[in-house]
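First the structure, in the form of structure tokens, and then the observations on it.
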Amino acid sequence: MSLKVNNLSAGIGNLCILHDIDLKIEKGTLNVLMGPNGSGKSTFASVLMGNPKYKRVEKKPYLSLNGKDISNFEPHERAKCGLFLAFQNPSGIPGVSVANLLKTSYQTVQRSDNTPSKKSAHNPALSVFKFHQELVLTAERIGVPRDFLGRSLDGDFSGGEKKKLEMLQAIVLKPKYAVFDEIDTGLDVDALKTIAGAILELKKKGTGILVVTHYHRILEYAKPDVVHVLVKGRIVASGGCKLALEIEKNGYSKWSKSKN
């Protein structure tokens, strides 16, 4: 069971940003993608989710989720299959509350599961009630005030609050695989610990996780199973926690100097 990327090259227009990337995220593992500014990390996250802004160099299959080819799926179809992306800079949606967005998203994802057991047990009224209970308890657990759930997603949250709301979505939606694009940016120490704890909670429940980051900070609280280094659009190194520690000490200079 894995999310597998095979020989991915992609970019914008005639500019190729990602080159020949192979990467595998196993179920229930924490993977980290590190790299300097401009290395293609956010582009990679966007391509995984199917952002139409980015085009693949070749149209061959490049992305499979638990053995199913989703290379040509639209973003919402990938989400229904169990892929989740927490945005680096989430957009506001005026007039739509946090609770309503999550309820609609949750119901949409649940409807994509067509197993008989799910259908026979479905009770809309009961589901909404239980969902609201779970949402409130989860929000409290990760430090999201209850009144936030009724507020509009109109950008009226601080950077740290937006990051917590992205994490709240991931925990509630229970994706098979989750990509967190710089979820640690702009967080104070307490918020960082909370986010790291939520990531470990998802991992324990079986979600395969990819954390995209510049820094080692979050890895002090959530130890990764695998660390990948992306420089100039290429995976130049892979390893364990020691690799992240090396980057924290010496930076990316030894890879950035390469002509490739």
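For a 28 Å ceiling on Cα separation, which of these pairs sit above it: LYS80/LYS163; LYS53/LYS249; LYS130/LYS223; LYS27/LYS163; LYS41/LYS130? Display every interim value, and only then the final one.
On the way: LYS80/LYS163 22 Å; LYS53/LYS249 35 Å; LYS130/LYS223 33 Å; LYS27/LYS163 23 Å; LYS41/LYS130 37 Å.
The answer is LYS53/LYS249; LYS130/LYS223; LYS41/LYS130.
Express as a percent, rounded to the nearest 5, the fraction of DSSP beta bridges in the chain (both residues included) that run antiparallel.
55
What is the sum of charges around LEU65, taking Lys and Arg as +1, Asp and Glu as -1, for the other residues whose C-beta is under 10 Å from the C-beta of LEU65? Mind showing how you got there, number by number?
On the way: positive: LYS4, LYS68, ARG78, LYS176; negative: ASP69.
Its environment carries a net charge of +3.
Taking the chain as a Gaussian network, Cα atoms linked when under 10 Å apart, which of GLU26, GLU74, GLU166 shows the biggest mean-square fluctuation?
GLU74
Fully extended, how many nm does the chain gain between ASN51 and GLU220 (0.36 nm per residue separation, minus their Cα-Cα distance)? It would help to have the intermediate numbers written out before the result.
On the way: separation 169, 0.36 × 169 = 60.84 nm, distance 3.11 nm.
So the chain would gain 57.7 nm between ASN51 and GLU220.
Can you tell me, using C-alpha contacts under 8 Å and at least 6 residues apart, the relative contact order of region 116-248 as a whole percent?
Computed value for region 116-248: 18 percent relative contact order.
Sort out the exposed loop trypsin sites (Lys or Arg not before Pro) in the chain (DSSP loop, at most 13 other Cβ within 10 Å) and tell me the longest stretch that has none.
Values: sites that count: LYS53, LYS59, LYS205, LYS257, LYS259.
Segment 60-204 is the longest.
Hey, of [x] 18.9, 65; [y] 18.5, 60; [z] 17.6, 58, which did the structure itself give for Rg and Dmax of the Cα atoms in Å when calculated?
Recomputing Rg and Dmax of the Cα atoms in Å here picks out [y].
Can you give me the distance in nm between label points at LEU137 and LYS24, each placed 7 Å from the Cα along the Cα-to-Cβ direction?
About 3.7 nm, to one decimal.
Laboratory data are not the source of any read-out in this text; all were calculated from the coordinates shown. Only a predicted model underlies this, so the values are computations on that prediction, with no experimental measurement involved. All Cβ positions, glycine included, derive from the backbone under ideal geometry; neighbour counts span all protein chains shown.
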